[in-house]
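Below is one structure, written out as structure tokens; the observations come after it.
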Amino acid sequence: MSVQQEAVPAADVATSLLGRPYRLSDTYEVGREKIREFARAVQDHHLAHYDVGVARALGHEGLVAPITFTAILGGISQRCVFEQFLPGYDLSQVLQTEQRIRQHRPLRAGDDITCRITLDAFRAGHGQDSFVLRTDMSDQTGALVQTGWTTAVARSGGVVDENIAQAVEGILMRAATEAGGEIGSSIVHLVEDDTGTLAIADSVAPQPKRRFADVSVGDEISARTVQVARGDLVNYAGVSGDENPIHWSEQVVDLAGLDNVVAHGMLTMAFGGGYLSEWVGDPGAVIEYGVRFTRPVFVEAKTPAEVTYTGKIKELDETNRTATIVLTATARGSRIFGKATAIVQLA
């Protein structure tokens, strides 16, 4: 697939990509310290992310990563899609609206991950287009360990605000702006993939502390409130690789007409992931987790924002001994998720 030519409408190029699998040209080695760093950044305190002994006691071969850890690879691969094939869409105008993750087994320290990405769905709209990108993460054996679906909306053909462009150019780290911003892209890029269907990785039997016999439909999960300060946003931006300055630059958010600096949607989802794994007792027991983002979390310069998470058992599956949980996340009294559900394994 060649880079989009100016004469071809962006929507036509996107349509031509439907169902065509690509993969990142290099693999990603999951490091023990990176897992700890990510877990700290998302305030996930489960010891299986920090202590090898605890992780092994739960049946894992090593430290396990939080379920949203793959946002790192997802972000790289999605950025490559737009940079290589869809330059008619301004990346600064791409807005993630939904994320769903299916965890076949947790990523763990020592994994060498191959990331494949496919445009699963595309819809051209009036003023903005909608994309569903599927990412398949496989380990060094070729087995599928996690699948994610990202829904995003983007505008094509718009005029970039020169004031915003200059502000962004002036504040981004030099490695991201020198040499035309292509340093990373020239090393890691997308290539066509002909692997075909991937076998699902053998799952590690989860060891949740919650027993199926002890929960009922309608049970509520104790609330957890997370504080998020500007420093947390800067830290997560670095750890995850999300360099969008609306998450930390007052100059850019003023030019963009936003009320304040905005917390990353995937960071708020990650807080919820930690809430789930802490309740169920084993990060590997979170089988599926999905969120629809509806309202941003604004973070003041001197006062942390607070996000409160609650959950309720919506459904129980006696055959598989699983529970479907509905999550609610609120900030300043307003819900930030339109819909958030998870499926967890129970003992």
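Out of all the residues in the range 36-88, which are of a type in the set (D, E) and under 21 Å from the mean Cα position of the chain (by Cα)?
Correct list: E37, D44, E83.
For the range 322-347, which residues satisfy the criterion of being touching a strand residue (DSSP E or B) at 6+ places or on another chain (Cβ under 7 Å) and farther than 26 Å from V132 by Cβ?
Restricting attention to the range 322-347, the residues satisfying the condition of being touching a strand residue (DSSP E or B) at 6+ places or on another chain (Cβ under 7 Å) are 322-331, 335-346.
Across the range 322-347, the qualifying residues are A323, T330, A331, Q345, L346.
Scan the range 323-334 and give yes if some residue there is farther than 18 Å from H46 by Cα and in a loop (DSSP other than H, G, I, E, B), otherwise no. Break it down stepwise before answering.
Applying the first criterion (farther than 18 Å from H46 by Cα) to the range 323-334 yields 323-334.
Those still in the list that are in a loop (DSSP other than H, G, I, E, B) too: 332-333.
There is at least one residue in the range 323-334 that is farther than 18 Å from H46 by Cα and in a loop (DSSP other than H, G, I, E, B).
Does the range 86-117 hold any residues that are modelled with pLDDT of 95 or more, assigned to a loop (DSSP other than H, G, I, E, B) and of a type outside the set (D, E, K, R), and which are they?
Answer for the range 86-117, where residues must be modelled with pLDDT of 95 or more, assigned to a loop (DSSP other than H, G, I, E, B) and of a type outside the set (D, E, K, R): H104, P106, L107, A109, G110.
Residue-by-condition table, conditions (1) surrounded by 20 or more Cβ atoms within 10 Å (Cβ to Cβ); (2) assigned to a strand (DSSP E or B):
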{"site": "G273", "(1), (2)": "yes, no"}
{"site": "E278", "(1), (2)": "no, no"}
{"site": "G284", "(1), (2)": "yes, no"}
{"site": "E288", "(1), (2)": "no, yes"}
{"site": "R295", "(1), (2)": "no, no"}
{"site": "K302", "(1), (2)": "no, no"}
{"site": "E306", "(1), (2)": "no, yes"}
{"site": "T310", "(1), (2)": "no, yes"}
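Look at the range 42-62 and say how many of its residues are among the aliphatic types (A, V, I, L, M) and out of contact with any Leu (no Cβ under 8 Å at 6 or more places or on another chain). Full working, then the answer.
In the first step, residues of the range 42-62 are kept if they are among the aliphatic types (A, V, I, L, M); the result is 42, 47-48, 52, 54-55, 57-58.
Now narrow it down to the ones that are out of contact with any Leu (no Cβ under 8 Å at 6 or more places or on another chain): 47, 57-58.
Of the residues in the range 42-62, 3 are among the aliphatic types (A, V, I, L, M) and out of contact with any Leu (no Cβ under 8 Å at 6 or more places or on another chain).
Name the one entry in S203, S216, S240 that is touching a residue at least 40 places away in the same chain (Cβ under 8 Å), among the small types (G, A, S) and either over 30 Å from D136 (Cα atoms) or surrounded by fewer than 11 Cβ atoms within 10 Å (Cβ to Cβ) (or both).
S216
Tell me, yes or no, whether the range 131-152 has at least one residue that is surrounded by 13 or more Cβ atoms within 10 Å (Cβ to Cβ), more than 24 Å from G241 (Cβ to Cβ), at pLDDT 95 or above and of a type outside the set (D, E).
Yes: the range 131-152 contains one or more residues that are surrounded by 13 or more Cβ atoms within 10 Å (Cβ to Cβ), more than 24 Å from G241 (Cβ to Cβ), at pLDDT 95 or above and of a type outside the set (D, E).
The values are calculated or read from the model by the stated rules, or taken from the named source; none is laboratory data. Worth saying up front: this structure is predicted, and the values here are computed from it rather than measured. Glycine gets a Cβ as well: all are built from the backbone with ideal geometry, and neighbour counts include every protein chain shown.
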